[in-house]
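J.: Submitted below is the structure of interest, expressed as structure tokens.
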Amino acid sequence: MYNPSAGTFVPSSALPISAPAFVPSTSSSNPTPDPPPSLVSRNGGLFVPPSSSDLKQFDDEHESLPSTSSNLPTEGFDFALGSTTVPSFNPNNSDSMHQLQQIQHAHFQQQKTTMKTLQIPVDLYTHLRNSSLSELTSIPPDDPRHREIPPEFHSISHLDSAQNATLAHNTSGSFGYPSIVYKVVSKESGGVFALRRFDNVKASQKIAAAAMAAWGGGVGTPKDIDKHPSLVKLSRAFVANRALFFVHDFHPQAKTLSQLYIGNGSEDASTLVKSVHERGMAVRCIHMSKVLRCAGGRVRVNCVGVVDVLEFEARRSLPELQREDMVQLGRLILSLCTRSMVDQHTDNNTLGRCILHIQQHFSPDLHALALTLISKPLPIYEITSLMANHMIDELETSMTVSDCYEKELKKEHESGRGLRLLMKLGFVNERPEFGMDSQWSETGDRYVLKLFRDYVFHQVDENGRPMMDLGHVVSSLNKLDCHDSEKISLSSRDGQAIMVVSFANIAVCLENAYIELMSSEQHTDGGQGQHGGGQHHGGQNQHQHQYQNQHQHQQSQYYG
């Protein structure tokens with residue numbers, strides 16, 4: 001028996017055991033037959049599962065329930081399911097038992113844990129996996145395009161179309177200057193970015209720094225415009241090797257609207273234009289080839305700050321630039337609605353046909369908006385008033401997407417907590433040797449962790465069959481993580497040692513063993529080797545008391 005206060009082990013024969021103990025069954029040539037499925041013990045609670053005929057009323061697919069113990073009472077008793085307590089029922093009353101079976105089975109179905117309930121949906125998983133793959137792609141090491149990027153970046157891959165995937169000086173970019181875009185990884189931060197290179201451009205480091213001050217989130221950036229959700233953030237702008245470089249955030253699997261022609265990007269672009277104009281700036285890059293559609297339908301305006309540097313000497317007034325933004329927004333709406341490229345080179349006849357197409361196939365509000373932006377641009381705050389009803393629809397969609405992501409994030413948070421506990425247990429359990437002690441993992445706190453590992457993962461039924469209960473695994477790890485005071489019985493594999501401990505005691509054992517391993521690693525790195533062991537054990541006891549005192553007041557505290 002484990003005595004938490006004394007930290008010692010006492011033979012099970014010396015202490016009376018009132019709590020039920022998990023004892024792995026021994027092999028038998030004549031196994032006893034399964035008892036009738038009358039009562040089920042699950043996660044510490046008792047309930048009566050419905051029969052096969054009744055079960056089909058509540059579940060489309062009949063799933064066999066685990067066999068039960070024959071030691072349970074057969075007359076009136078209380079049923080406890082998690083935090084819900086069902087009053088006593090008379091099993092001889094068929095109506096009462098039928099109602100009880102419905103309640104119990106519904107709760108059982110709600111508590112079932114499977115691999116599917118623990119993972120994120122397949123579509124979201126596929127999207128995240130493909131995003132990770134796009135961040136990891138790179139061109140061969142001997143590719144000459146490696147010479148086109150500064151040395152502080154690596155793992156490059158081109159983002160231009162296949163016909164433009166050549167050297168930068170042979171590529172004609174959409175800004176009218178030779179340019180090329182790469183996906184790169186920063187050696188300093190490890191972040192993934194989109195690097196755009198311009199050649200033969202008259203620009204200085206001072207001009208690039210001015211663009212960074214306006215868009216990059218520095219001290220001079222107006223009111224955190226770089227954090228706008230419809231903007232691709234500008235991270236760096238600099239001149240090197242007689243070339244101009246812009247480093248923007250990289251959004252995997254994003255496509256330009258000119259590649260997709262999806263007609264739901266005008267609202268997001270309008271919110272960005274409003275935020276930029278309110279801060280006394282101009283966007284200057286609202287174009288089908290500069291607007292990206294990212295995950296969740298989010299539309300982001302790319303390449304901000306590029307035109308500010310390329311046309312720095314133009315010296316155009318701010319009202320003129322903001323008026324041009326409104327005209328570009330109108331052209332964007334025409335392009336999305338007509339699925340054609342409308343830009344500054346489009347003649348008036350083509351514009352007239354586009355306006356007529358919108359009038360015939362779209363709402364009067366959208367027709368009035370496009371006509372106003374093209375013919376007589378109004379300030380952005382007047383334009384947004386015309387789009388108020390549609391903004392509400394976009395807001396509803398955004399909130400729905402946010403709720404879905406938050407729901408899936410909770411699953412991953414739970415998985416992350418369990419993974420950290422499993423990694424700590426993996427470092428401790430079955431360790432062959434530590435500190436010249438080959439029995440380290442079989443003694444003291446480590447022995448408790450070994451038995452706990454068997455309790456969580458190696459349980460079997462009365463016939464020796466493995467019990468693959470994911471609900472039991474998740475519940476046990478969660479209780480260990482929050483240092484629950486609930487007590488459980490642990491048994492050795494031979495059944496000779498049985499101890500009753502709480503999840504809080506096991507958590508302290510795990511922290512002590514992990515701290516001991518970490519302290520030994522730090523001593524080794526510091527050149528102390530095996531010296532200072534006495535100081536370490538004293539520190540270990542101090543940590544143990546610290547954990548015990550703190551968990552009495554805050555059992556849900558998580559230690560990373």
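The values are calculated or read from the model by the stated rules, or taken from the named source; none is laboratory data. Everything numeric in this text was worked out from a predicted model, so none of it was measured. Here Cβ is always computed from backbone atoms with ideal geometry, including for glycine, and neighbour counts include all displayed protein chains. Heads up: the accessible areas ignore ligands, DNA and RNA and are worked out on the full protein's heavy atoms, side chains in. Shrake-Rupley method; radii C 1.70, N 1.55, O 1.52, S 1.80 Å.
J.: Let me know the shape class of segment 236-294, please: from the alpha-carbon gyration tensor, a ≥ b ≥ c as square roots of the eigenvalues, rounded when a/c is under 1.5, otherwise prolate if a/b is greater than b/c, or oblate.
T.: Cα axes put segment 236-294 in the oblate bin.
J.: Calculate the length of the line joining the C-alpha centroid of segment 227-270 to that of segment 378-410, in whole Å.
T.: 20
J.: Additional query: Per 5 Å bin, what percent of the C-alpha pairs of segment 242-342 does each bin hold, from zero upward?
T.: 2, 12, 23, 23, 19, 13, 5, 1, 0
J.: Lys and Arg at +1, Asp and Glu at -1: add these up for the other residues within a Cβ distance under 15 Å of Pro178 and post the number.
T.: In short, +2.
J.: Residues with beta-carbon under 14 Å from that of Arg316, excluding Arg316: net charge, scoring Lys, Arg +1 and Asp, Glu -1?
T.: So the environment of Arg316 carries a net charge of -3.
J.: Roughly how many Å² is the accessible area per residue of segment 312-392, as a whole number, for a 1.4 Å probe?
T.: 59
J.: To continue, here is another question. Please list 247-256, 315-324 highest first by mean number of surrounding beta-carbon atoms within 10 Å per residue.
T.: Packing order, densest peptide first, comes out as 247-256, 315-324.
J.: Heavy atoms only, 1.4 Å probe, whole protein assembly: order Arg493, Arg446 by accessible area, highest first.
T.: I get Arg493, Arg446, largest accessible area first.
J.: At 1.4 Å probe size, put Thr338, Thr443 in order of accessible surface, largest to smallest.
T.: Highest to lowest solvent-accessible surface, that is Thr443, Thr338.
J.: Moving on. Ordered by packing density, taken as the mean number of other Cβ atoms within 10 Å over each peptide's residues, highest first, how do 177-185, 380-388, 122-130 rank?
T.: With the highest mean Cβ count within 10 Å placed first, the list reads 177-185, 380-388, 122-130.
J.: Rounded to the nearest 10 Å², what accessible area does Cys482 show when all protein chains are kept and the probe is 1.4 Å?
T.: 40
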